[in-house]
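Heads up: the structure comes next, in structure tokens.
The values are calculated or read from the model by the stated rules, or taken from the named source; none is laboratory data. In this text, all values refer to a predicted model and were calculated from it rather than measured experimentally. A quick note on method: Cβ atoms are made from the backbone with ideal geometry, for glycine too, and the neighbour counts reach across all protein chains shown. Heads up: the accessible areas ignore ligands, DNA and RNA and are worked out on the full protein's heavy atoms, side chains in. Shrake-Rupley method; radii C 1.70, N 1.55, O 1.52, S 1.80 Å.
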Amino acid sequence: MDSVFTRIIKGEIPCYKVAESNDAIAFLDIRPLSKGHTLVVPKREVDRLFDLPVKEFETLWSFTQVVAKAIEGKIACNRVGVAVLGFEVTHAHVHLVPLRTEGDLNFALPKLQLSEDEMQDIADSIANEYRRFKS
């Protein structure tokens, strides 16, 4: 059975997409710790990030770097934090979380509740910045 992320990749479930490559996709987390909290997901469905073949792993991190720079360019933050957990969805993924303080990268914190319009505006803003970086 496909993971929820594979279903997003296939277009079966909608998402707030910010970037996509041949090997990965980036979209907003629907239960964000902060505005701009983005998930970067390899298109290959593997449970653990470190089980990706080396070339795909390296490609994923290059893509992740550009997405993080796009987030920093559009979301007010001191830096973008990175977390790899994988407990809720058994499909490797990277969390990119805009941070103001170290304590902001705490998954026990209450999640933001943003409207669909807010989510779409944030996704569009990051996507436009991503395209600028890719040019």
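Below, the figures for the structure above:
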quantity: Alpha-carbon centroids, region 10-84 and region 103-135: separation in whole Å; calculated: 11 Å
quantity: Alpha carbon convex hull of region 39-89, volume per residue in cubic angstrom; calculated: 89 Å³
quantity: 5 angstrom amide H check on residue 19, placed H, neighbours 5+ away; calculated: 26
quantity: Charge dipole of the chain about the Cα centre (unit charges at C-beta), most positive-ward option of 52, 91, 125; calculated: 125
quantity: Accessible surface ranking that places the most exposed of 16, 130 first, with a 1.4 angstrom probe; calculated: 16, 130
quantity: Proximal lysines relative to residue 35, as straight alpha-carbon distance under 26 Å, when same-chain residues fewer than 8 apart are discounted; calculated: 10, 17, 43, 69, 74, 111, 134
quantity: Phi-based couplings in Hz for region 14-27 (Karplus 6.51, -1.76, 1.60; Gly and Pro marked x); calculated: x, 8, 9, 6, 10, 6, 8, 10, 5, 10, 8, 9, 10, 8
quantity: Placed amide H near residue 92: partners under 5 Å, 5+ positions off or other chain; calculated: 46, 47, 48
quantity: Per-residue HN-Hα couplings for region 89-102 [Karplus 6.51, -1.76, 1.60; θ = phi - 60°; Hz; x = Gly/Pro]; calculated: 10, 8, 9, 3, 7, 10, 8, 10, 10, x, 10, 9, 9, 4
quantity: Nearest-10 value in Å² for the accessible area of residue 31, using the 1.4 Å probe; calculated: 130 Å²
quantity: Cα pair distances exceeding 16 angstrom across region 1-101, given as percent; calculated: 52 percent
quantity: Apportionment of accessible area to carbon and sulfur, the chain, percent (1.4 Å); calculated: 49 percent
quantity: Unit charges on C-beta of K, R, D, E only; dipole of the chain, Debye; calculated: 300 debye
quantity: Note, ³J(HN,Hα) from phi for region 54-62, Karplus 6.51, -1.76, 1.60, rounded to Hz, x at Gly and Pro; calculated: 3, 4, 5, 4, 5, 5, 4, 6, 5
quantity: For residue 79, residues with placed amide H under 5 Å, excluding near neighbours; calculated: 99
